[in-house]
Ligand code: MV4
């Protein structure tokens, strides 16, 4: 293992998170190495990196998930460390172990910790051992189908069948009563077996409409562990987060301290290293229950950065270098309020179908309190191969009211054309009564927006007119002819892309 400073980091990711990590490298004077799939050859993370190497074809499993190839590139270019970002290989204990074996620093917890906490049933046992409150349920997997009825009776209905290898809502079953209990357990076992190659399931009492609040933790290799406050993540649809904020509207200093110390206790129990997130469910009486630990940097980490003033990626690098945390628990004093909106290339009017194509015009909001972490620029292509997140907009204000006002203003400034986006969807949530009052839980989005029944920042007419104007202006500036060009008049590949995409869009507006 390299001692002392890291000189060069390979970033095993793409899009906005790869760019976020490149920026932290550059702030620290570290050389940033990008990897890219064939389809990402001209992606912005490649342009921003100091070096870039192709890892394979577009399909993730042949490129960004190709463990051996990534290790080989790291070796060949002399990288001391690999930052996995989130998704892809970030919570793959086998990859972390491969890095360890090859004497490359994996920027994250040790491989054993990733394996331990990745098993949700093991994580639940660790939480119980560390004295954290857990939802009533079993701390063993259901093996004897003849016993499920009496076990279920002890816990009470409704209950939830969860897969040990699951997490993030995959492979869960709600059971309302004894009818169908056995069938639900059997089908959950089958599904988990084929989805994860691990059919173990366990029971938890089902909490109705809880809040989802998570605590950011950080630990170094010298035994120090701290918490950096919470993020409220209850605004989600189909297990995909849409808006996150910190502090949580329901948080009090006492509850924060209790949840924070619980999170630190599980960090210590699991010998945690680096950045992590402890997820909790919180009921209407502010009782909290441990859910799971995410052993990675989260998408929503900037919300915590904005209220604490700490660069979490920079800190991950320091800790990976073997340094002690650059702050103590008492140094962390959250200030103001931050809201993050995730901007996906999806069409809210078509059941959030991923929207592919060329981002014809991309114009970010700016001004007081606005930060945008984006993976795209004008001309970027959104393909079918990866997560359709384009950007995250994070807004800081002195209090919740100010950050909501700025968020609304910034969302109406945001311009993306060529692909559909969730900007209007985010705006309608920010404007909704429950959100404004901070009165919402994990059921909020599905309950308030059941049939895509939400407004856009502009009226439909105004939106179409503005859209057409933008496209005409764009075509004018780029000298893109609306009528098809003759073959003799050469057009670059990009210009053709733009033209086709613009004409396509125009046809829809007309
Ligand atoms: C629960 C629950 C209610 N009761 N467990 C979903 C994602 C996975 N991390 C755990 N999840 C849940 N577990 C018990 N005992 C409700 C959810 C849940 C949820 C949790 C967090 C954020 C959004 C959610 C949406 C639906 C259900």
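The values are calculated or read from the model by the stated rules, or taken from the named source; none is laboratory data. No experiment lies behind these values; they were computed from the predicted model shown. We place every Cβ from the backbone using ideal geometry, glycine too, and count neighbours over all the protein chains shown.
Below is a table of values for the structure above.
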read-out: Conditions (1) part of a loop (DSSP other than H, G, I, E, B); (2) farther than 26 Å from residue 25 by Cβ; (3) in contact with a strand residue (DSSP E or B) (Cβ under 8 Å, 6 or more places away or on another chain); (4) within 16 Å of the ligand (Cβ to nearest atom): number failed by residue 284; value: (3)
read-out: Sole exception among (1) surrounded by fewer than 24 Cβ atoms within 10 Å (Cβ to Cβ); (2) in a loop (DSSP other than H, G, I, E, B); (3) on the phi < 0 side of the Ramachandran plot for residue 322, by number; value: (3)
read-out: Yes/no for residue 162 being farther than 30 Å from residue 321 by Cβ, within 16 Å of the ligand (Cβ to nearest atom) and outside any loop (DSSP other than H, G, I, E, B); value: yes
read-out: Evaluation of residue 313 against (1) in contact with a strand residue (DSSP E or B) (Cβ under 7 Å, 6 or more places away or on another chain); (2) buried (at least 17 other Cβ atoms within 10 Å of the Cβ) (one fails), failing number; value: (1)
read-out: Selection count where residues are touching a helix residue (DSSP H, G or I) at 6+ places or on another chain (Cβ under 9 Å) and under 25 Å from residue 92 (Cα atoms), scope the range 204-223; value: 10
read-out: Only listed residue being over 21 Å from the mean Cα position of the chain (by Cα) and part of a loop (DSSP other than H, G, I, E, B), chosen from 251, 259; value: 251
read-out: From 122, 112, residue being more than 13 Å from the ligand (Cβ to nearest atom), loosely packed, with under 15 Cβ neighbours inside 10 Å, closer than 19 Å to residue 296 by Cβ and modelled with pLDDT of 95 or more; value: 112
read-out: Residue in the range 174-184 that is nearest to residue 117 (Cα to Cα), counting only those that are surrounded by fewer than 21 Cβ atoms within 10 Å (Cβ to Cβ) and within 16 Å of the ligand (Cβ to nearest atom); value: 174
read-out: Residue under evaluation residue 188, criteria (1) surrounded by 20 or more Cβ atoms within 10 Å (Cβ to Cβ); (2) at negative phi; (3) in a strand (DSSP E or B), criterion not met; value: (3)
read-out: Residue check, residue 205 at pLDDT 95 or above, under 14 Å from residue 141 (Cβ atoms) and within 14 Å of the ligand (Cβ to nearest atom); value: no
read-out: Only listed residue being on the phi > 0 side of the Ramachandran plot and either surrounded by 19 or more Cβ atoms within 10 Å (Cβ to Cβ) or at pLDDT below 95 (or both), chosen from 78, 87; value: 87
read-out: Residues (more than 11 Å from the ligand (Cβ to nearest atom) and at pLDDT below 95) located in the range 231-250; value: none
read-out: Residue, surrounded by the fewest Cβ atoms within 10 Å (Cβ to Cβ), within the range 125-136, restricted to residues that are touching a residue at least 40 places away in the same chain (Cβ under 8 Å) and part of a helix (DSSP H, G or I); value: 129
read-out: Counted residues, the range 251-278 - those being farther than 19 Å from residue 93 by Cβ and within 16 Å of the ligand (Cβ to nearest atom); value: 2
read-out: Residue in the range 148-159 that is in a loop (DSSP other than H, G, I, E, B), at positive phi and surrounded by 14 or more Cβ atoms within 10 Å (Cβ to Cβ) present; value: no
read-out: Residue within the range 211-224 that is over 30 Å from residue 398 (Cβ atoms), within 11 Å of the ligand (Cβ to nearest atom) and in contact (Cβ under 8 Å) with a residue 60 or more places away in the chain present; value: no
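Per-residue answers, yes or no, for (1) within 16 Å of the ligand (Cβ to nearest atom); (2) in contact with a helix residue (DSSP H, G or I) (Cβ under 8 Å, 6 or more places away or on another chain):
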position	(1), (2)
291	yes, no
305	no, yes
310	no, yes
324	no, no
332	no, yes
336	no, yes
342	yes, yes
